[in-house]
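All remarks here apply to the structure that follows.
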Amino acid sequence: MTRHYGCQDMVSPLRTVLVKRPDQAFGAADPQAWHYAGRPDLTVAQQEHDALTNILRTNGAEIIYHDEYLPDYADSIFAFDPSLVTDSGAIILSMGKQKRRGEEAAMARTYEKLGIPIVATLHGEARAEGGDLLWVDHDTLAVGLGFRTNAEALRQLREALDTIGVKVIPVELPYYTGPEACLHLLSMISIVDYHTAVVHPPLMAVPFWQELQRRDFKLIEIPEAEYDTMATNVLALAPRKCLMLEGNPITKRLLEDAGCKVMTYRGNEISLKAEGGPTCLTRPIWREYI
């Protein structure tokens, strides 16, 4: 069987997704070392993760497990971050968070097993995490420049993506709560339809906000009170078909008012304690372009 891959937007129907089920490395995480709100309960975390993957399966996605055991990497459950998937294959990134460096090689080994070519690997001083990389459309990648992704990574990504006709646009990120916290570009925006996004404008760079306006995006602004419960972290399973963390009723209603079907999952252990929502927990490999 030929395995499909290619994922150059955030919203086309999700057909194949890579996940990493919480294991002992996550359950044993020192909250202070990993910047978690508390020590995860592994049994509950696995139940939450299984429920999340069941939602994905029910909505037409094949689940592939990135099952290489990484004993020193609690954050490896956030499968979105070590790579970027293009129509030509995967680009292996280089994590900005020191404690996550090493996840990238394991992810590359999984891609090799799946027969997905590695088209580029960031090297040298380049640092980039998937959470800072947003497909604005099939041929435009926004790259958040902050504590996790730097200018050298931007340069290398431009070089790699230019060969397949992708334009890369930089987006400067704010300091916000500092270098230890996880503020990614995707912390403030999720695209839920080709020209619709959920956003938290107070954290957005003005030029990026203007770029979205120029592209005729409808921006759904979350309430300030729901930012800490990751209301901006929404995974599109298809255009206007969304998965988000439960406990964000206002944002859920705003999405529904915009014509979206919204599903929720419980993520007390896998999301709220560990600073990662449904986008972070999943690495889309194949979206079927409409």
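A short reminder: the numbers here are calculations on the coordinates, not readings from a lab. Since this is a predicted model, take the numbers as computed values, not measurements. Quick reminder, even Gly has a Cβ in these numbers, built from the backbone with ideal geometry, and neighbours come from all protein chains shown.
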Distance in nm between Lys99 and Arg266 label points, each 7 Å along Cα→Cβ, equals 2.6
In debye to the nearest 20, the charge dipole size for segment 1-95, taken about the Cα centre with +1 at each Lys and Arg Cβ and -1 at each Asp and Glu Cβ, equals 260
Distance in Å, no decimals, from the C-alpha centre of segment 81-95 to the one of segment 190-216 is 23
Residues other than Ile191 with Cβ under 15 Å of its Cβ, Lys/Arg counted +1 and Asp/Glu -1, net out at -3
Here D for segment 37-119, in µm²/s, from Stokes-Einstein with a Kirkwood Rh over Cα pairs at 37 °C and 0.692 mPa s, works out to 229
Sorted on mean Cβ neighbours within 10 Å (highest first), peptides 135-143, 173-181, 32-40 come out as 135-143, 32-40, 173-181
Membrane-span-like helices (DSSP H runs, Cα span along own axis at least 18 Å, mean Kyte-Doolittle at least 1.6) in the chain -> none
Square roots of five times the C-alpha gyration tensor eigenvalues of segment 1-69, ordered largest first and given in whole Å, equal 28, 13, 12
Given unit charges at Cβ for Lys, Arg (+) and Asp, Glu (-), the dipole magnitude of segment 14-287 about its Cα centre in debye, nearest 20, is 440
Dividing the mean separation of Cα pairs under 8 Å (6+ apart) by the residue count of the chain yields a relative contact order in percent of 25
For the pair Ala151 and His195, the simple spin-label estimate (label points 7 Å beyond Cα toward Cβ) gives in nm 3.5
Segment 73-198: Kirkwood hydrodynamic radius (Cα pairs, Å) comes out at 14.8
Rounded to the nearest 5, the percent of antiparallel DSSP beta bridges in segment 14-287 equals 45
Under the 7 Å Cα-to-Cβ spin-label approximation, Ala181 and Thr58 lie apart by a distance in nanometres of 3.4
For segment 14-287, the convex hull over Cα atoms projects on average to an area in nm² of 12.7
Taking the reciprocal of mean 1/r across every pair of different Cα atoms in segment 157-274, the Kirkwood radius in Å is 15.3
